[in-house]
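One structure below.
The values are calculated or read from the model by the stated rules, or taken from the named source; none is laboratory data. Just so we're clear, the structure is a prediction, and the values are computed from it rather than from any experiment. Neighbour counts run over all protein chains shown; Cβ positions are idealised from the backbone, glycine included.
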Amino acid sequence: MKDGIANNSTASISQARKAVEQLKMEACMDRIKVSKAASDLMAYCDAHIREDPLIVPVPASENPFREKKFFCTIL
Amino acid sequence: QKVLVELKITFSQCSKNERNYKTTSRKYMRSPLSPEMATQEVQLNETLAHLKTESENLKSKLEEERAKLHDVELHQVAEKVEGLGQFIMKTRRTLKGHGNKVLCMDWCKDKRRIVSSSQDGKVIVWDAFTTNKEHAVTMPCTWVMACAYAPSGCAVACGGLDNKCSVYPLSLDKNENLAAKKKSVAMHTNYLSACSFTNSDMQILTSSGDGTCALWDVESGQLLQSFHGHAADVLCLDLAPSETGNTFVSGGCDKKANVWDMRSGQCIQSFETHESDINSVRYYPSGDAFASGSDDATCRLYDLRADREVAIYSKESIIFGVSSVDFSLSGRLLFGGYNDYTINVWDVLKGTRVSILFGHENRVSTLRVSPDGTAFCTGSWDHTLRIWA
């Protein structure tokens, strides 16, 4: 039982050490400004928006879900 | 002096297990405690306190660094972007056949087949064009919370309260009993919350109520890598688009979204801005950001290179949790399935809601956009799936 208490402490300590190491590693990251990140996100949207069928609808004949005709299986 | 030290040990450990330590401390008072052990105990506690302070300091430093680069808001930069027009999206197909709450669904790469799983243990493969059921399997457990289609389209993976992820090869022979060929791949110590094949049929990534994520080899069932770091149940995961490399994001009940390196098992980035469980995470199509949906009734966008939250999608009138999120093909729209039975459609750049869709008669529990972006599918506690376009 005496060792039990020491083990609990050492387990918490190793957990706390891991948390500190993790935070140190995260702190070292190279970050970019939000303005740059935002303009990149916008550029991606802009480059792909015309091919986005839910924004720029393709003719109904090309979207199998919007097509009026129904499929029937012949038994 | 000895007695004082012993009392210190008792009080510092009390919160953990009162009864246990109280009886132990009485034992200490009766039998002699070595001075070395007592000093060691005090030292350990001091080290722990020191580490906790260091941890808090590092967290503040991290926030400071992140704040330095916060020069503008996404929606401000997006003011010059053209607004989106009116949306006419409605239910084009309703898939009926589940006997209970639909919990999860996934699209096949062929853009027409869908696998769905439900509370009653049934996993069904549908042809979404015709609404026909192509395969059905009954799992040995209820609450099949996770299901995924293999990239080849030849198998599906699923799991839930059985704590496992199993793979079922799909046979062309509709009469064949799928359950016979079932292969158990993943084993967790609590429920399976999500699963996804990687770029091939050979590996599966899982997340679990046991607080971990894991990467498995399908053929051998071997654990290839495990991911520890969440402090509570992990509820969701999403793999980065293949062009951006070997990472994935996970979200959990600890309100954290973690980004992981699949090869090393390391957590590379962590985000903690939600106020409740994160039920769904999904990468932005470029791989530079991801969205999350939470029980706090908000969806949020996190940019990975800026290392911070860059948008919150919320309204005062929306008070129910978000169960699932996904982007349209260009990343301009974010679809969110909510516990108030609705789907809210958000303009990702401007931060505004562009549409609200009604139809389900109970919670929307799962939502995925089709691989070619022509439609999205929702699953609900009302036992049905709907295809919207």
Original post:
Right, B:Lys182: surrounded by fewer than 18 Cβ atoms within 10 Å (Cβ to Cβ) and free of Cβ contacts under 8 Å to residues at least 60 places away in the same chain or not?
Top reply: yes
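To keep it simple, each residue is scored yes or no on (1) in a loop (DSSP other than H, G, I, E, B); (2) under 23 Å from B:Cys377 (Cβ atoms); (3) not aliphatic (A, V, I, L, M).
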{"residue": "B:Gln86", "(1), (2), (3)": "yes, yes, yes"}
{"residue": "B:Met89", "(1), (2), (3)": "yes, yes, no"}
{"residue": "B:Thr94", "(1), (2), (3)": "no, yes, yes"}
{"residue": "B:Asp120", "(1), (2), (3)": "yes, yes, yes"}
{"residue": "B:Lys133", "(1), (2), (3)": "no, yes, yes"}
{"residue": "B:Pro140", "(1), (2), (3)": "yes, no, yes"}
{"residue": "B:Trp143", "(1), (2), (3)": "yes, yes, yes"}
{"residue": "B:Cys158", "(1), (2), (3)": "no, yes, yes"}
**OP:** Give the residue that is nearest to B:Glu272 (Cα to Cα), with candidates limited to residues of region B:56-84 that are part of a loop (DSSP other than H, G, I, E, B) and not hydrophobic (A, V, I, L, M, F, W, C).
**Re:** B:His70
Original post:
Scanning region B:328-353 for residues that are within 20 Å of B:Glu79 (Cα to Cα) and among the hydrophobic types (A, V, I, L, M, F, W, C), which turns out surrounded by the fewest Cβ atoms within 10 Å (Cβ to Cβ)?
Top reply: B:Val345
Original post:
What do you reckon, is B:Met187 free of Cβ contacts under 8 Å to residues at least 24 places away in the same chain and over 20 Å from B:Arg113 (Cβ atoms)?
Top reply: no
Subject >> Tally of residues being in contact with a helix residue (DSSP H, G or I) (Cβ under 9 Å, 6 or more places away or on another chain) and either away from chain A (no Cβ under 14 Å) or assigned to a strand (DSSP E or B) (or both) across region B:351-389 >> reply: 1
Subject >> Candidate set from region B:71-100 (those that are more than 8 Å from chain A (Cβ to nearest Cβ) and surrounded by 18 or more Cβ atoms within 10 Å (Cβ to Cβ)); member that is modelled with the lowest pLDDT >> reply: B:His75
Original post:
Out of all the residues in region B:307-318, is one or more outside any strand (DSSP E or B), free of Cβ contacts under 8 Å to residues at least 40 places away in the same chain and among the small types (Gly, Ala, Ser)?
Top reply: yes
Subject >> Answer from B:Ser200, B:Ser207 - the residue that is part of a loop (DSSP other than H, G, I, E, B) and in the same structural domain as B:Asn163 (by the TED database) >> reply: B:Ser200
**OP:** Considering only residues that are surrounded by fewer than 17 Cβ atoms within 10 Å (Cβ to Cβ) and not aliphatic (A, V, I, L, M), look in region A:17-30 and name the one that is farthest from B:Tyr284 (Cα to Cα).
**Re:** A:Arg17
Original post:
Given the structure, is B:Val42 surrounded by 16 or more Cβ atoms within 10 Å (Cβ to Cβ) and not in a loop (DSSP other than H, G, I, E, B)?
Top reply: no
Original post:
In region B:283-299, what count of residues is obtained for those that are surrounded by fewer than 24 Cβ atoms within 10 Å (Cβ to Cβ) and either aliphatic (A, V, I, L, M) or under 15 Å from B:Phe335 (Cβ atoms) (or both)?
Top reply: 5
**OP:** Give the number of residues within region B:144-168 that are closer than 24 Å to B:Asn100 by Cα, in contact with a strand residue (DSSP E or B) (Cβ under 7 Å, 6 or more places away or on another chain) and not aliphatic (A, V, I, L, M).
**Re:** 10
Original post:
With respect to B:Asp340, is the statement that it is at the interface with another protein chain (Cβ under 9 Å from one of its Cβ atoms) and among the acidic types (Asp, Glu) true?
Top reply: no
